[in-house]
Amino acid sequence: MHFYKSLTLEEATKRMESYCAYQERCHQDVIQKLRELRMIPEAIDLIVSHLIQENFLNEERFSRSFARGKFNIKKWGKIRITNELKKRNISTYNINAALKEIDEADYHKTLKNLALKRMSQIKEKDKFKRRRKLADYLLYRGWESELVYARIKELIG
């Protein structure tokens, strides 16, 4: 059991400003953190409002940054990015804005490179099992099934 010295509203606000300045956060992250700090609901509402007014907290900016990062670094497809944003209670409007951050040509090029790289790692000899393994890998990463199967048809036949 953790015993925190209870923070004043001002201390908690400063701490959350730093938390948000370090990295883009969504409302859910901030609320969760404030609950861990044992802040009462009224204080949480005040702090979150302050963070939004002072532009420390901006869900559209968070969503766009999240989508760019997960696509560029983790090579996630749009389905996985969308699902992860939904888990964070991000609005459909902000999810759509986030997906616009991904260039369509880059998206297809990344899928192609990811599929080629994975293909070189699959040692399976059976054609159908190879296709299945590649499909499972790409679908798990959130790539759209029609793009995945078109790419597999191109690579394996």
Item to complete: Please specify each residue of the range 1-54 satisfying the condition of being of a type in the set (V, I, T), buried (at least 16 other Cβ atoms within 10 Å of the Cβ) and over 19 Å from N89 (Cα atoms).
Response: T13
Worksheet item: Does the range 66-88 include one or more residues that are small (G, A, S), more than 9 Å from the chain's Cα centre (by Cα) and surrounded by fewer than 17 Cβ atoms within 10 Å (Cβ to Cβ)?
Response: no
Discussion item. Considering only residues that are under 22 Å from the mean Cα position of the chain (by Cα) and either hydroxyl-bearing (S, T, Y) or in a helix (DSSP H, G or I) (or both), which ones fall in the range 119-145?
Written reply: A135, D136, Y137, L138, L139, Y140, S145
Practice prompt. Select, from D136, D126, the only residue that is loosely packed, with under 11 Cβ neighbours inside 10 Å, out of contact with any strand residue (DSSP E or B) (no Cβ under 9 Å at 6 or more places or on another chain) and outside the structural domain of R80 (by TED's automatic domain parsing).
Written response: D126
Discussion item. Within the range 130-140, does at least one residue satisfy the condition of being of a type in the set (S, T, Y), within 25 Å of F62 (Cα to Cα) and at pLDDT 95 or above?
Written reply: yes
Fill in: Conditions (1) surrounded by 11 or more Cβ atoms within 10 Å (Cβ to Cβ); (2) in contact with a helix residue (DSSP H, G or I) (Cβ under 8 Å, 6 or more places away or on another chain); number of the one not met by K109
(2)
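Which helices (runs of 4 or more DSSP H) sit wholly inside the range 8-98 and have at least 2 residues that are of a type outside the set (S, T, N, Q) and closer than 30 Å to N113 by Cβ?
Details: elements: 9-22, 27-36, 41-53, 59-72, 78-87.
In the range 8-98, 59-72, 78-87 are the helices (runs of 4 or more DSSP H) which contain 2 or more residues that are of a type outside the set (S, T, N, Q) and closer than 30 Å to N113 by Cβ.
The values are calculated or read from the model by the stated rules, or taken from the named source; none is laboratory data. Worth saying up front: this structure is predicted, and the values here are computed from it rather than measured. Here the Cβ is made from the backbone with ideal geometry for all residues, glycine too, and neighbour counts use every protein chain on show.
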